[in-house]
Protein chains: 2
Amino acid sequence: MKIITPHYIMLRDRVVANLSVAFDKQIQKIAPFEELIEEFPDAEVTTLREHSLLMPGLINAHVHIEFSKNKTELSYGDFLNWLYSVIENRADLINDCDKECMSKAIERMLEGGITTFGAISSHAMDLEACAKAKQNVVFFNELIGSQANMADALFSDFTARLDASKTIKREGFYPAVAIHSPYSVHPILVKKAVEIAKNENLKLTAHFMESIAEREWLDEDKGDFKEFFDKMLSQDKSVTSAEEFLEYFEGTDTLLTHVTNANEEEIRTIAKNNLTVIHCPISNRLLGNPTLNIKELNKNNIRWVVATDGLSSNYDLDLFEEMKISLFMHSDAPLQKFAQALINGVTIDAAEALGLNTGVIEAGKNADMIVVDLESEPTPELAVHLILHRYNISKVYINGKLEKGEA
Amino acid sequence: MKIITPHYIMLRDRVVANLSVAFDKQIQKIAPFEELIEEFPDAEVTTLREHSLLMPGLINAHVHIEFSKNKTELSYGDFLNWLYSVIENRADLINDCDKECMSKAIERMLEGGITTFGAISSHAMDLEACAKAKQNVVFFNELIGSQANMADALFSDFTARLDASKTIKREGFYPAVAIHSPYSVHPILVKKAVEIAKNENLKLTAHFMESIAEREWLDEDKGDFKEFFDKMLSQDKSVTSAEEFLEYFEGTDTLLTHVTNANEEEIRTIAKNNLTVIHCPISNRLLGNPTLNIKELNKNNIRWVVATDGLSSNYDLDLFEEMKISLFMHSDAPLQKFAQALINGVTIDAAEALGLNTGVIEAGKNADMIVVDLESEPTPELAVHLILHRYNISKVYINGKLEKGEA
């Protein structure tokens, strides 16, 4: 057992002072230190400095570890140009991102207080790095392929990767399923993969309505994707409609990434099916996509969480940076309230969306916790200042184990 | 004479490689190294590392040095609440910000590549720190006071400060005039101050149309400012209209800060009079003000520049951060083009707006230059990457003198 005494603790709905936390792999009890040490006299005790804040570890629900090599290689500003640049540079980027490159990205997330991440794995090149990561990992094996004649081959590649990820037996590693997108996965494959996820109770995610090109292609078989599919795959029609695609996820608790071009009907379907939306503001802006309409999501009581996407469309994998950018992009949202929603979107809401027993400092939850070195007493505007000032993160605990900082 | 050989040089309209720059206080010549060393055989030679980029020093046209103490003291999210919190904390913030605090803020700007700044000085508490700063400083003595019966006293305080700033005789220090705003300065005072600025050829600046409260107060003597003026100054009417205020600046090349609530007519007046708009995106968002309509400014060929405002409404004084936030806030602007406009807005456009012979690497310009350590060869998307990656700034030259980095 360990007892930690920070100056302040961020609980579910308030910040408290003068309390300590007793934990092993899970948080056991939150109470005054005297009470805890009496109950756990052999506990290892850590007392933190003035103005230290213990808060839940951050959860990055959507990141592409395999693309961590990109810095200036890919073209930004227009989705299709970016996609062409990904295809052109794909082999180089993937091959140049060896285990060290991927581990560096994972380590960078740890430094930034990320204790859980959802890795979208295209090729399973990141399986080993994710297996060895200190963080909790939801390992989303991604299925892609819009051509019926390739369906069997692509599906067996997908199941082979999924099976490989199931052989990883370690605490906090969860094999899962990603469907690339409505435009890039044939309905036959979508159905089969969703079936597997349902039967095996695996977490599901999909990109959905990221670009205007996707909207136009799915709705009317036209737009920027027309030339792309013609050139790349000799395909002249989309394999599905957006609404049809969404229907496959009924009865699942899928996380949909981007959703920046969803129409009203789709928003209603997402709400009805209790799906979660993953908000990647930096990626959306850099690829020339619209900004997520969070006001509309809130109106429909749709849960949304915040993620970095990969370094293929970001300059960092830092959720504090991501929240800050979102805070400024949604400049008409009420500042304090929106800042708190962002914090929730990388902690408790993300944990609930991923079905993980974490994301909040509370007895019974996994002890995924970070220590943030504030510089003064928290004000009622703490959420804003946490996002703006990128305070030093001096300790990171994952499942009760100190993974960053000194004991 | 010095000769510097970076890997790349950012010129007015392109990036070049394999050239060197000969300079003393001013840039003398840009040419291949062999040519320069033949012409200036006694020059002190500096050869920089691979992927180093020489670019113009940055210009921060609007900053309140006296308010550098704030970190979490002021209330964010709503302009009037912020203003009340400024008034409540004013004495503490100003008194606690001693010379060291102000010098630290100035030093922080130097670290961030800022070689020129426009200091809005409310109380001349920052005069000494600005006089001693390594940067070029346009020292804007600010005039404030809406009550006619206080006009003489306030004006003589203002002229005393202005006169004190004129006693500073050092290269790169420019005494100047700031009019606080249309709602806070009586027209009699505005006229007198503008007259002085015109006669003495001093640079002029003013806050203009920052908040919705300002709009409503100036237009209709109502809104959030009604209670404020009633309570604070027993004043029930605004002292001027926005249009009347703007007219006083005809024939000047004033810089107007914020302009986030200007109407079409005012935009036309600003365009007609060739005034410059100062864009402070972080400040605007944090104080609950709208985002500057840059599309409208561009349509009207109004020059706009980028500035940090003070630490009273920012978490840093870093123009790279400010540009990045603007790039994301204006998320529907074309990425590459807008990034280049932002770079211009902290270099050449800001220099022109302030009437300074700097802001571009060109023979005859003051040698205000910074060295940015890129990590690879610049792509055509350099402007975006400069803004996103916050590369290390290894050297800062001001008027030819190395003020940061090793010789």
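Bear in mind that the values in this text are calculations on the coordinates, not laboratory data. Please read these numbers as outputs of a predicted model, since none were measured by experiment. Using ideal geometry, Cβ is built from the backbone for each residue, glycine included, and neighbour counts are taken over all protein chains shown.
Just a few scattered comments:
- Each residue of the stretch A:326-338 is assigned a 3J(HN,Hα), and the resulting list reads 4, 4, 7, 5, 8, 6, 9, 7, x, 4, 5, 5, 5 Hz, derived from the Karplus form 6.51 cos²θ - 1.76 cosθ + 1.60 (θ = phi - 60°), x at Gly and Pro.
- Using the Cβ-Cβ distance between A:Glu44 and B:Glu265 with R0 = 60 Å, the FRET efficiency computed as 1/(1 + (r/R0)^6) comes to roughly 0.30.
- Using a 7 Å projection from Cα along Cα-to-Cβ, the label point at B:Lys166 is separated from the same position in the remaining copies by 8.5 nm, smallest value first.
- Förster-model FRET efficiency, 35 Å R0, A:Lys198 and A:Arg390, C-beta, rounded to 0.05: 0.30
- Other-copy label distances relative to B:Arg14, 7 angstrom Cα-Cβ extension, nm: 6.6
- Relative to the other identical copies, B:Ala407 shows label-point distances of 5.1 nm, where the label point lies 7 Å from Cα along the Cβ direction and values run shortest first.
- J(HN,Hα) series, the stretch A:157-167, from Karplus relation 6.51 cos²θ - 1.76 cosθ + 1.60, nearest Hz, glycine and proline x: 4, 4, 5, 4, 5, 4, 4, 4, 5, 6, 6
- Zone residues, the stretch A:153-197, relative to A:Lys25, backbone N less than 15 Å from point 7 Å out along Cα-to-Cβ: A:169-174
- Exercise: per-residue mean of other protein chain Cβ atoms within 10 Å, A:154-164: 0
- In terms of its C-alpha gyration tensor, the stretch B:55-112 has an oblate overall shape, because the principal axis ratio a/c (a ≥ b ≥ c, square roots of the eigenvalues) is not below 1.5 and a/b does not outweigh b/c.
- Neighbourhood net charge (12 Å Cβ-Cβ; Lys/Arg +1, Asp/Glu -1) for A:Lys2: +1
- Near the amide H of B:Lys395, within less than 5 Å, lie the amide hydrogens of B:Val371, all on another chain or at least 5 residues away, with H placed in the peptide plane.
- Inter-probe distance in nm under a simple model that places probes 7 Å from Cα toward Cβ, at B:His51 and B:Ala131: 4.5
- The stretch A:149-185-the stretch B:252-282 distance, computed between alpha-carbon centres (Å): 55
- Ranked B:Thr205, A:Thr269, B:Thr159, B:Thr167, criterion: other C-beta atoms within 10 Å, fewest first: B:Thr167, B:Thr159, A:Thr269, B:Thr205
- Across peptide B:323-333, the mean count of Cβ atoms from other chains lying within 10 Å of each residue's own Cβ comes to 5.
- Under 5 Å between amide hydrogens, built in the peptide plane, is the criterion, and for B:Asp221 it picks out B:Ser238 among residues at least 5 positions away or on other chains.
- Overall, the protein assembly as shown carries a charge dipole of about 560 debye about its Cα centre when +1 sits on the Cβ of Lys and Arg and -1 on the Cβ of Asp and Glu, all other atoms neutral.
- GNM flexibility winner over chain A from A:Lys134, A:Lys99, A:Lys337 (Cα, springs under 10 Å): A:Lys337
- Ranked B:Asp163, B:Asp157, B:Asp126, criterion: other C-beta atoms within 10 Å, fewest first: B:Asp163, B:Asp157, B:Asp126
- Spatial offset of the stretch B:3-37 relative to the stretch A:288-318 amounts to 43 Å, using the alpha carbon center of each.
- In this label model, B:Ala363 and B:Asp163 are separated by 4.6 nm, measuring between points 7 Å along each Cα→Cβ vector.
- Neighbour-count order for A:Phe23, B:Phe117, fewest beta carbons within 10 angstrom listed first: A:Phe23, B:Phe117
- Selected from A:Ala353, A:Leu311, A:Ala383, residue furthest toward positive end of dipole (the stretch A:302-405; charges at beta carbon): A:Ala353
- Here the Karplus curve 6.51 cos²θ - 1.76 cosθ + 1.60, taken at θ = phi - 60°, turns the phi angles of the stretch A:17-29 into couplings of 10, 6, 10, 10, 10, 9, 8, 10, 6, 10, 6, 9, 7 Hz, with x standing for Gly and Pro.
- Computed over chain B with a Gaussian network model linking Cα atoms closer than 10 Å, the most mobile of B:Asn95, B:Asn274, B:Asn199 is B:Asn199.
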